[in-house]
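Data block below; observations after.
The values are calculated or read from the model by the stated rules, or taken from the named source; none is laboratory data. As the structure is a computational prediction, the values presented were derived from the model and not from experiment. Quick reminder, even Gly has a Cβ in these numbers, built from the backbone with ideal geometry, and neighbours come from all protein chains shown.
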């Protein structure tokens with residue numbers, strides 16, 4: 001997004017501007033957003049706006065500062081308008097933010113937008129040379145955007161460790177759990193059907209792709225400790241998606257011995273009975289619009 005694409009000046013985080021000559025505001029003016037985790041689902045947002053003109057417009061109720069949340073791999077969106085209080089002489093405010101990461105598939109992008117609440121004249125005292133002293137902006141106009149903070153799924157929810165992707169040139173589904181996610185690669189035609197039917201019949205699509213991927217992953221876990229299937233506890237040394245699975249199995253009371261005796265299908269059924277509810281809830285919310 002280029003600031004000069006708009007008929008009025010737009011304040012953007014300096015780090016997002018590839019060319020300083022494309023900036024609408026002076027080099028000393030920045031717009032920075034920092035998100036710090038306090039506890040599960042609890043975060044602190046630190047927002048720095050160096051423009052006195054923008055802060056004055058915020059205090060006067062002419063501009064909204066909006067925290068925008070966007071799921072990386074689904075249509076989920078969420079917005080939260082911040083109170084105009086606090087935008088005084090100082091350029092920084094701190095506000096608490098609640099973010100339930102389990103609702104967002106694949107990760108969450110969070111940033112701040114500055115949006116005009118109605119038509120007004122924007123002062124340009126903080127802008128680069130060339131602008132008039134005041135410029136009219138329309139209702140809903142974008143007046144600023146910050147850098148984005150990326151959050152990744154809470155791995156305590158097993159439904160968050162799956163990723164389904166389309167891959168050209170393969171004939172059958174493949175599964176890889178070597179990294180942070182259980183990556184399910186589908187042939188193009190199969191992926192298109194998955195995208196079409198996953199909202200209509202959650203049980204069918206979940207059982208067709210996700211359950212077999214879980215069975216294969218747990219089977220590989222069992223093979224990786226070959227010769228030690230009598231273990232009552234899972235050993236250390238796992239990481240990423242496999243660590244999340246091992247932790248979930250341990251929490252459910254499923255040991256390596258259980259997997260060896262009863263099989264990966266049984267172990268997967270134990271986890272999947274918990275997983276399906278989360279996954280169903282996730283897809284049910286795909287068409288939900290969040291607004292405050």
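Assorted remarks:
- Those strands (runs of 3 or more DSSP E) lying entirely in the range 31-137 with at least 2 residues modelled with pLDDT of 90 or more and loosely packed, with under 15 Cβ neighbours inside 10 Å: 134-137
The rows are residues; the columns are (1) at pLDDT below 85; (2) closer than 30 Å to residue 258 by Cα.
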| site | (1), (2) |
| --- | --- |
| 159 | yes, yes |
| 173 | no, yes |
| 176 | no, yes |
| 187 | no, no |
| 191 | yes, no |
| 203 | yes, yes |
| 209 | yes, yes |
| 219 | no, yes |
| 222 | yes, yes |
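- Scanning the range 248-271 for residues that are free of Cβ contacts under 8 Å to residues at least 24 places away in the same chain and either closer than 18 Å to residue 183 by Cβ or within 31 Å of the chain's Cα centre (by Cα) (or both) yields a count of 7.
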